[in-house]
Amino acid sequence: MSLLAVDQVGFGYRREDAVLTSVSFTLQAGTSLGLVGESGSGKTTLLRLMLGLARPHTGSIRFDDALVVPSDRDFMRQYRRKVQAVFQDPYSSLDPRQTVLQIVLEPLRALGIPGDRRGFVAAALAAVGLDPAIVQRYPHEFSGGQRQRIAIARAIVARPMLLLADEAVSALDLSTRVRIVELFKALAAQMTLVFVSHDLGVVAALCDEIVILQRGRVVEAGPTGSILSSPQHPYTKSLLASVPRMPAY
Amino acid sequence: MSLLAMDDLSITVHGRPLVSNLSLRLEPGKRLGLIGESGSGKSLTAMAAIGLLPPALAVSGSVMLGETQIVGAPASSLDRLRGTVTATIFQEPLTALDPLLRVGSQVAEPLRRRARRDGRLIDVRREVVALLQQVAIPDPERLMHAYPHEISGGQRQRVAIAMALSCLPQLLIADEPTTALDVTTQASILKLLDSLVRERGMALLFISHDLPIVASIVEEVVVLRQGTVVERGPVQQVFAGPQHDYTRSLVGAARAFDTGLGHAA
């Protein structure tokens, strides 16, 4: 059985403009999926629906065979425990007035998770390669890459089954990006990952499967290797051909 | 003679160094890439070339643009160089364009200025359309009446390029000109820049953190780290056999992402 099943999902912010049109794909537990598309392709909207921040106008999203219903508070409380997110900008996604401890502890507090919360925070920080001794410091004391590690620690502290990342490495410098992608790779071995990105190079390095979106429709989906080596859809082909490549010399 | 010659350029803010003892040369018609990560001083270096640094920064050393010393020059003499000797394309086309002016009017402004300077009478409308055509704006007769928010990001950057070209500069400075664009748009803008610079024999100072893009468009590179040049040379030589540890790590990272994509088509 699949962990996440997106079935014929349609959505629009205004009645006349469809942002997503009959989007379907399934995700097996333990796999990492890359959602690839350019601006306006609907990838962030799709992620919002998967997070339960909005409800599809048509079709359905099922998690662990249960229908995701954003208006059902009890369901959403449980859902938040299982599904967490990391966003693009490590500067705006952390509250500047909170210490690292408060930031990473927040999901445990909000979800009412009992136990040694400080211990969980320390474990999450260690898992993302940060020294747990930093807990009393504030976000502005850290570099972009370190901030993204803090955001990832917050996302994994409640031990979710599914991690959703929206362009989570796009704002980072190249050498930092490599290290954060390595971190996501290590995390993907322990949980299921959906990685939204416009960057095929990052997705190729990280994801087992790829779904290509264009103007709200899935144009191609499949294992990363086969999509990269033999793209079928013209849009996928042009996307691949447009990626700047390192010269072979 | 070099078109652009920087010698021992240092930029500091409140005594804190941002760029330290940087020297570089750019000959007419040549293309140079400035590579670096955020905070490396690559954009500051480019802005120093045209005297566009914020007044709060202290600048020392020498920046010669043609025969003019830029460091310490009064704003009036720099105004004469901007547009005639150099033109700049910035990263974010939405902020580079005036939101209250129609696209055609924005392109017309530097055209009129140039005509006034040269004492020529021009058919502004015809030249605007011709320029928009050269940057491959579809249906320029119609789009010249559009406001920046009504056209796509790629089209906005084409308009910004048209404005830069209208001045017929000897040196085009492009500061991350495709970073804000989608990958398919990026590919077409890079192709456009490459062919326009080639046709007109312009020199190009190209600032980027993206190594594959730099490799596709310049001949020589300067690698900056924390305001200091760590390596320089022909792009092929630097990318094929980086000497400095930092360059090696950058090239290694770029290759790591590239390898995952498989063989180039």
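Numerical summary
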read-out	value
For the protein assembly as shown, calculated [θ]222 nm from helices alone, where every DSSP H run of n ≥ 4 adds -39500 (n - 2.57)	-11500 deg cm²/dmol
Within the protein assembly as shown, percent of DSSP bridges classed antiparallel, to nearest 5	55
Exercise: per-residue mean of other protein chain Cβ atoms within 10 Å, B:249-260	6
For chain A, share of DSSP beta bridges that run antiparallel, in % to the nearest 5	50
Cβ-based exposure ranking for A:S24, A:S71, A:S197, in which fewest neighbours within 10 Å come first	A:S71, A:S24, A:S197
Size of electric dipole in chain B: Cβ of Lys, Arg +1 and of Asp, Glu -1, about Cα centre, debye, nearest 20	560
FRET efficiency, A:A189 to A:S229 (Cβ-Cβ, R0 22 Å, nearest 0.05)	0.35
Over 24 Å (Cα to Cα) - which of A:K237/B:K191; A:K43/B:K42; A:K185/B:K191 fall in this group	A:K43/B:K42; A:K185/B:K191
Exposure proxy ranking, count of Cβ atoms within 10 Å, fewest first, for A:D7, B:D182, A:D131	A:D131, A:D7, B:D182
For the stretch A:193-249, convex hull volume per residue from C-alpha positions, Å³	92
Shielding by other protein chains, B:182-188, mean Cβ within 10 Å	6
Span per principal axis, largest first, for the Cα atoms of chain A (Å)	55, 51, 34
Average other protein chain Cβ within 10 Å of Cβ, residues A:193-203	2
All-pairs Cα distance distribution in the stretch A:89-160, expressed in whole percent, bin size 10 Å	23, 60, 17, 0
The protein assembly as shown - Debye-derived log10 I(q)/I(0), Cα point model, q = 0.10 Å⁻¹	-0.89
About the Cα centre, charge dipole magnitude for the protein assembly as shown (Lys/Arg +1, Asp/Glu -1 at Cβ), debye	620
Residues in the stretch B:1-23 that a label on A:S143 would reach, taking backbone N under 19 Å of a point 7 Å out along Cα→Cβ	B:17-20
Antiparallel content of DSSP bridges confined to the stretch B:4-260, in %, to 5	55
Rg to Rh quotient for the stretch B:4-260, alpha carbon positions, Kirkwood Rh	0.97
Cα pair distances of the stretch B:55-115 binned at 5 Å [whole percent]	3, 13, 18, 20, 19, 14, 9, 2, 0
Cα-centred dipole magnitude for the stretch A:1-159, charges only on beta-carbon of K, R (+1) and D, E (-1), debye, nearest 20	380
Stokes-Einstein diffusion coefficient of the stretch B:66-174, Kirkwood radius over Cα pairs, 37 °C, 0.692 mPa s, in µm²/s	227
Fewest-first sequence of A:C207, B:C167 by Cβ atoms within 10 Å of each Cβ	B:C167, A:C207
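Any read-out appearing in this document is the output of simple, stated calculations on the displayed coordinates, not a laboratory observation. As the structure is a prediction and not an experimental result, all values here were calculated from the model. Here Cβ is always computed from backbone atoms with ideal geometry, including for glycine, and neighbour counts include all displayed protein chains.
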